[in-house]
1. Please state which of the following conditions Thr364 fails to meet, knowing it meets all the rest: (1) open to solvent by 10 Å² or more (accessible area, probe 1.4 Å); (2) touching a Phe, Trp or Tyr at 6+ places or on another chain (Cβ under 7 Å).
2. Quick check on His399: is it loosely packed, with under 14 Cβ neighbours inside 10 Å and touching a helix residue (DSSP H, G or I) at 6+ places or on another chain (Cβ under 7 Å)?
3. Looking at Phe150, Phe130, Phe172 in this structure, which one is modelled with pLDDT under 95, among the hydrophobic types (A, V, I, L, M, F, W, C) and buried (at least 20 other Cβ atoms within 10 Å of the Cβ)?
4. Restricting the search to segment 385-405, which residues are in a loop (DSSP other than H, G, I, E, B) and out of contact with any strand residue (DSSP E or B) (no Cβ under 8 Å at 6 or more places or on another chain)?
5. Going by the structure shown, is Val166 at pLDDT 95 or above and either exposed (fewer than 14 other Cβ atoms within 10 Å of the Cβ) or more than 18 Å from Ala75 (Cβ to Cβ) (or both)?
6. For segment 349-361, give me each residue that is part of a loop (DSSP other than H, G, I, E, B) and open to solvent by 40 Å² or more (accessible area, probe 1.4 Å).
7. Limited to segment 434-453, what total is found for residues that are without any contact (Cβ under 8 Å) to a residue 12 or more places away in the chain and either part of a helix (DSSP H, G or I) or closer than 26 Å to Lys546 by Cβ (or both)?
8. Could you check segment 241-286 and list, in sequence order, the residues that are touching a residue at least 24 places away in the same chain (Cβ under 8 Å) and on the phi > 0 side of the Ramachandran plot?
Amino acid sequence: MSTLPVIPTSAPFTEEQRLWLNGYIAGLISEDSTSPAITKIPKLRIPVLYASQSGNSESLAEDFADQLSASGFDAPCLSTEDHAEIDLTSEKHLLLISSTWGEGDPPDNAIEFWENLKSDDHPSLQNLNFSVLGLGDSNYLDFCAQAKAFDARLEALGANRIATRVDCDTDFEEPAAEWFESVNELLKEQVGVTEDSTNTEQKAPPSKAESGYSKKKPFHAILKANLELNSADSARDTRHFEFDLTGSGLNYEVGDVLGVYPKNDPAMADELIEILNFDPSAKVITPDKQEKPLRDALIEDFDIRTLSAKMMTDWSARSSSEELAQLLESDDRKSLENYIWGRELIDLAIDHPATFTEAPEFVTMLRKLGARLYSICSSPKAHPDEVHLTVAKVTYESHGRQRGGVCSTYLSDRVNSGETTPIFFQPAAHFKLPTDLSTDVIMCGPGTGIAPFRAFIEEREATNAEGKNWLFFGNPHEETDFLYREQLQAQSEAGVLTNLDLAWSRDGEEKVYVQDKMRENGADLWKWFQGGAHFYICGDAKRMAKDVDAVLHGIAEEHGGLSEEAAKDYINQLKKEKRYQRDVY
């Protein structure tokens with residue numbers, strides 16, 4: 001019979017807590033004991049805080065909090081948006097999971113928390129033990145910038161790091177799990193808990209990805225439809241795709257995201273192989289540890305398009321190009337950004353030739369070809385066993401070469417009707433319709449931003465929601481770019497769409513955008529907000545979403561009679577109440 005460990009006297013607990021924990025671990029005291037001396041003693045509290053834009057950080061935080069709770073800790077999962085509910089000066093431990101948005105900025109739900117944390121008068125956090133997990137994309141120069149900022153700021157405020165920060169790339173699951181396992185073990189060591197001493201029946205909940213189809217085990221869905229939404233003489237090419245889910249057992253909700261695993265253009269792979277003088281049949285190891293011929297791997301498994309600072313550094317080490325070396329050594333961020341902008345790996349291979357001993361050495365420089373995420377444009381109630389997407393086909397010319405988006409051209413040009421493509425669903429807890437069907441809904445989605453709102457409107461129609469629906473949609477030309485024209489007009493005539501406001505930016509002498517239409521309807525919009533309406537926006541984050549947000553503040557000031565500061569507080573309160581939600585990119 002093994003001997004159970006005891007909590008050492010050096011552990012960060014009172015003597016009463018130490019004795020109780022030893023008894024609890026030994027099974028001598030039940031968690032729901034009614035002893036007055038015991039019920040007042042809490043478990044070790046480990047808040048898990050997340051700063052999330054697309055939902056990945058939130059999902060990880062929820063999963064890790066569940067596992068900590070199963071290990072015997074008090075582990076509330078909180079959004080940085082709810083930072084008023086947590087006093088870091090009185091907390092002993094904190095796990096923070098953060099994504100990065102825009103150009104190294106905090107996610108929407110973390111803006112206020114970050115402003116507060118970095119304020120000059122923020123009190124010391126010398127009693128806080130913490131660790132940070134960052135989610136990002138190494139293609140960006142500001143890779144995991146916000147997680148790094150959180151980590152540095154907590155340290156500057158005197159907090160003690162439990163474990164070193166880990167920065168995860170787009171394939172974040174494994175490094176995130178390793179970070180959590182390390183942190184969890186360190187926390188257990190602090191209280192003297194080992195696997196032998198914990199309740200063997202109290203297992204951590206399985207990850208959501210362990211059963212059925214998932215990101216790591218995608219469903220191969222049949223492409224049922226590939227429809228052009230713009231007219232033939234439009235400068236744009238927007239497609240409507242429909243996938244068959246029959247037999248998958250997969251379910252989704254409106255507002256969720258569909259992940260699509262694309263393949264590279266074979267012509268691009270062939271050109272790269274020729275320039276580098278490789279044997280296309282040479283065997284290489286893929287990121288998923290499979291052995292494949294080089295050509296197949298470059299088409300199916302590796303990102304052979306995207307340039308990053310790391311890629312250029314690795315390439316320079318194998319190139320004799322003095323120009324490339326000087327660019328990297330100058331530490332001139334702007335010049336590096338200018339070079340990367342509009343260029344791809346093929347340009348690097350042509351402009352700055354490099355030497356590789358063999359193909360396996362070359363592929364070690366390449367990242368995995370990741371999935372592309374798209375807002376779902378269908379309601380499962382309206383289209384059982386189907387999922388639909390609205391995708392802009394990306395084609396352009398830069399530096400003398402014709403370019404195309406990897407996934408948009410894959411779906412539009414290289415997947416035939418009846419063929420399959422790997423897909424998976426990603427929940428979006430941050431972008432959901434109100435559960436109360438009597439609530440009014442305002443939607444703003446120009447261009448392909450219409451996607452989730454087509455789904456929202458279909459859902460509202462299918463559920464006979466009593467609440468009113470108002471859509472703001474815009475594009476360059478009404479004649480050629482009115483996406484889903486017939487469906488939206490029919491829903492408007494049927495009263496499903498209470499209001500349909502349209503903005504055509506190139507049809508008149510003056511450019512008209514969705515934010516202009518909102519400003520024109522400011523008085524009515526304010527009435528809807530006062531009546532409890534929820535507001536949603538989908539689309540471009542850099543310009544459109546910022547302009548729309550500014551108009552919302554202006555409406556609160558002009559039609560609500562609020563001061564600039566009061567209007568800011570009002571909009572922030574809408575966000576906290578989940579009445580202002582954004583799906584921006």
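1. (2)
2. On the way: loosely packed, with under 14 Cβ neighbours inside 10 Å: yes; touching a helix residue (DSSP H, G or I) at 6+ places or on another chain (Cβ under 7 Å): yes.
In short, yes.
3. Being modelled with pLDDT under 95, among the hydrophobic types (A, V, I, L, M, F, W, C) and buried (at least 20 other Cβ atoms within 10 Å of the Cβ) holds for just one of Phe150, Phe130, Phe172, which is Phe172.
4. From segment 385-405, those in a loop (DSSP other than H, G, I, E, B) are 385, 393-394, 399-400, 405; that's our starting set.
Scanning segment 385-405 gives His399, Gly400.
5. Details: at pLDDT 95 or above: yes; either exposed (fewer than 14 other Cβ atoms within 10 Å of the Cβ) or more than 18 Å from Ala75 (Cβ to Cβ) (or both): yes.
So Val166 fits the description; yes.
6. The first filter runs over segment 349-361 and keeps only residues part of a loop (DSSP other than H, G, I, E, B), leaving 352-353, 355-358.
If the condition is that a residue be part of a loop (DSSP other than H, G, I, E, B) and open to solvent by 40 Å² or more (accessible area, probe 1.4 Å), then Pro353, Thr355, Thr357, Glu358 are the ones that fit.
7. At the first step, the residues of segment 434-453 found to be without any contact (Cβ under 8 Å) to a residue 12 or more places away in the chain are 435.
Then drop every residue that is not either part of a helix (DSSP H, G or I) or closer than 26 Å to Lys546 by Cβ (or both), which leaves none.
Selection size over segment 434-453: 0.
8. Gly249, Gly255 - these are the residues of segment 241-286 that are touching a residue at least 24 places away in the same chain (Cβ under 8 Å) and on the phi > 0 side of the Ramachandran plot.
The values are calculated or read from the model by the stated rules, or taken from the named source; none is laboratory data. Since the model is a prediction, treat every value here as computed from it, not as a measurement. Neighbour counts are summed over all protein chains in view; Cβ atoms, including those assigned to glycine, are modelled from backbone coordinates with ideal geometry. Ligands, DNA and RNA are stripped out before the accessible areas are found, and what is left, the full protein with its side chains, is counted by its heavy atoms. Shrake-Rupley method; radii C 1.70, N 1.55, O 1.52, S 1.80 Å.
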